[in-house]
Amino acid sequence: MNDHTREHCPREIEDLADDQRHELAAISHEVQFTQGTVLFHESGHADRCWLLQSGRIALTTTIPGRGDETVETLSVGEVLGVSWFQPPRQWQWTATALTPVTAVEIDATMLQAVAESDPALGRAVYSILADTLLHRMQATRARLLDVYAREHVR
């Protein structure tokens with residue numbers, strides 16, 4: 001990971017030893033998406049994740065009778081794609097670029113192998129995943145409270 005990439009990384013990656021960051025760099029590469037690009041669809045096979053360097057991504061789900069509902073909007077420094085972590089390894093949301101996006105894409109199969117072979121690196125990866133999942137749960141809760149509040153105002 002280069003210096004520009006590192007400035008937008010989670011703290012746990014910043015704290016890794018140089019050789020561990022090089023291991024992550026070996027299984028990642030920079031990608032760009034244009035506005036409107038769908039990175040993945042709900043229920044599709046989850047096999048990668050991204051560290052967002054610029055732009056914004058909407059996570060949406062389809063609610064019967066309501067259509068697509070935005071669950072969360074992600075931006076610089078956030079992790080996109082944690083569904084690869086546990087079986088059945090299917091995307092839980094649909095991710096769409098709201099703006100042009102630059103991100104570091106990481107092969108999830110390789111990331112899991114590297115994390116399992118290096119306990120310190122594994123702890124850092126799992127800490128990032130735990131922080132990300134907790135943040136997503138809190139954001140989803142807030143969004144649901146907003147949806148229910150709108151229902152009662154009508």
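The values are calculated or read from the model by the stated rules, or taken from the named source; none is laboratory data. It should be emphasised that the depicted structure is a prediction, and the values quoted were computed from it without experimental measurement. Counting neighbours? That spans all protein chains shown, and the Cβs are built from the backbone with ideal geometry, glycine included. When the accessible area is computed, the model is the full protein with side chains, heavy atoms only, and any ligands, DNA or RNA have been set aside. Shrake-Rupley method; radii C 1.70, N 1.55, O 1.52, S 1.80 Å.
Tabulated results
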{"read-out": "Residue ranges of strands (runs of 3 or more DSSP E) in the range 8-108 with at least 3 members open to solvent by 50 Å² or more (accessible area, probe 1.4 Å)", "value": "28-33"}
{"read-out": "Residue in the range 54-74 that is touching a residue at least 40 places away in the same chain (Cβ under 8 Å) and of a type in the set (Lys, Arg) present", "value": "yes"}
{"read-out": "Any hit, the range 107-120, residues being under 14 Å from Cys49 (Cα atoms), in contact with a Ser or Thr (Cβ under 8 Å, 6 or more places away or on another chain) and not small (Gly, Ala, Ser)", "value": "yes"}
{"read-out": "Condition met for Thr102 (under 30 Å from Thr34 (Cβ atoms) and at pLDDT below 90)", "value": "no"}
{"read-out": "Residue match in the range 123-144 (condition: touching a helix residue (DSSP H, G or I) at 6+ places or on another chain (Cβ under 7 Å), part of a loop (DSSP other than H, G, I, E, B) and touching a residue at least 60 places away in the same chain (Cβ under 8 Å))", "value": "no"}
